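Notes to accompany the following structure.
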Amino acid sequence: MSRQDINRSGEMEVFVSVVERGGFTAAALARRMTPSAVSKLVARLESRLGARLVNRSTRKLQLTPEGCAFYERSVAILADIAEAERQASSGELASGRIRINTSGSFGNHVLAPLVPAFMALHPAVALDISHTDRIVDLMEERADVAIRAGPLKSSSLIARKLGATGKIIVASPDYLRRHGEPRRVADLRRHCRIGFSYARAVEGWRLREDGETITIPITPGVQVGDGEAMRHLALSGAGLARLAAFTVRADIDAGRLMPVLDEANPGDLEEFYALYMGQGGPLPARVRALLDFLVGHVHL
């Protein structure tokens, strides 16, 4: 038998059971083995170690000095294994660092307000949050969870849906005073439209006109790499922006931004997902705790 084929922890478990239960028969009952199988296992162990562990000449089991030493080390090693499994188990108390990658808009307007409640529930967890709208490689970025919007491409990632949000075209009151408010879809041609500088699943603005949903191609006067930068440009009066409702809801309520062409809004929704690597085994407790919390608390 090769060294890699030897189940050392299994041998230790049987040997410890023999010692603690006082004999082969009692150990066999506890391990659901036959007495002869237990006896042969201990004999093989002694042969491999080159040392007698148990004296079999008396009616009562008696350990040799080598057997005593091996028993004590086996108990300690098995306890270490049990502790390692307990800490790695998905049922263990959530602890450790979670690296989250999300867009600036979601991070600022949805995730950040939820962080205090999550940390109160899981004080042994530390969060490391990074913002980017570009698609990231979780392995390369060393991220545990990525939060992204839009249709999901086939991949090795597993997704949990967090919710869906509508999209709203907005502009600042100052911009509308200077350039007028568009009343029809065709009016968009004479307005500065802020666009994204990276490829999107739908390139353009989806709007409803004459009872039909159409996509208006956008040739933006300004391009940016993330939704939060787009929001700030809209607030500064740079042009019109079409953004997720949760990104601009507080600005609209405060009068800092105004909805534009509301009647042309087709009501389409953008779905958000928490993505994580799936390897077929249980998730770390800290990651599972975060995913469950987000699913229960994110309201878009």
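No other residue among Glu263, Glu228 is assigned to a helix (DSSP H, G or I), more than 21 Å from Asn108 (Cα to Cα) and among the charged types (D, E, K, R) apart from Glu263. Residue check: is Arg249 among the charged types (D, E, K, R), modelled with pLDDT of 90 or more and either crowded, with 20+ Cβ neighbours inside 10 Å or more than 30 Å from Ala143 (Cα to Cα) (or both)? Judged against the criteria, Arg249 is not a match. Annotation: Leu152 fulfils all but one of (1) surrounded by 12 or more Cβ atoms within 10 Å (Cβ to Cβ); (2) modelled with pLDDT of 95 or more; (3) of a type in the set (A, V, I, L, M); the unmet one is (2).
Table: residues versus (1) more than 35 Å from the chain's Cα centre (by Cα); (2) modelled with pLDDT of 90 or more; (3) not in a loop (DSSP other than H, G, I, E, B).
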site: Glu140; (1), (2), (3): no, no, yes
site: Lys167; (1), (2), (3): no, yes, yes
site: Gly195; (1), (2), (3): no, no, yes
site: Arg200; (1), (2), (3): no, no, no
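Figure legend. Inter-residue proximity from region 248-261: first residues in contact (Cβ under 8 Å) with a residue 60 or more places away in the chain, second residues among the charged types (D, E, K, R) and open to solvent by 60 Å² or more (accessible area, probe 1.4 Å), beta-carbon distance below 9 Å, spacing 6+ or different chains. Indicated pairs: Val248/Arg256; Ala250/Arg256; Met258/Glu181; Val260/Glu181; Leu261/Glu181; Leu261/Arg183; Leu261/Arg184.
The set of residues from region 154-187 being free of Cβ contacts under 8 Å to residues at least 12 places away in the same chain and polar (S, T, N, Q) comprises Ser154, Ser155.
The values are calculated or read from the model by the stated rules, or taken from the named source; none is laboratory data. Please read these numbers as outputs of a predicted model, since none were measured by experiment. Here the Cβ is made from the backbone with ideal geometry for all residues, glycine too, and neighbour counts use every protein chain on show. SASA here: full protein model, heavy atoms, side chains in, ligands and nucleic acids out. Shrake-Rupley method; radii C 1.70, N 1.55, O 1.52, S 1.80 Å.
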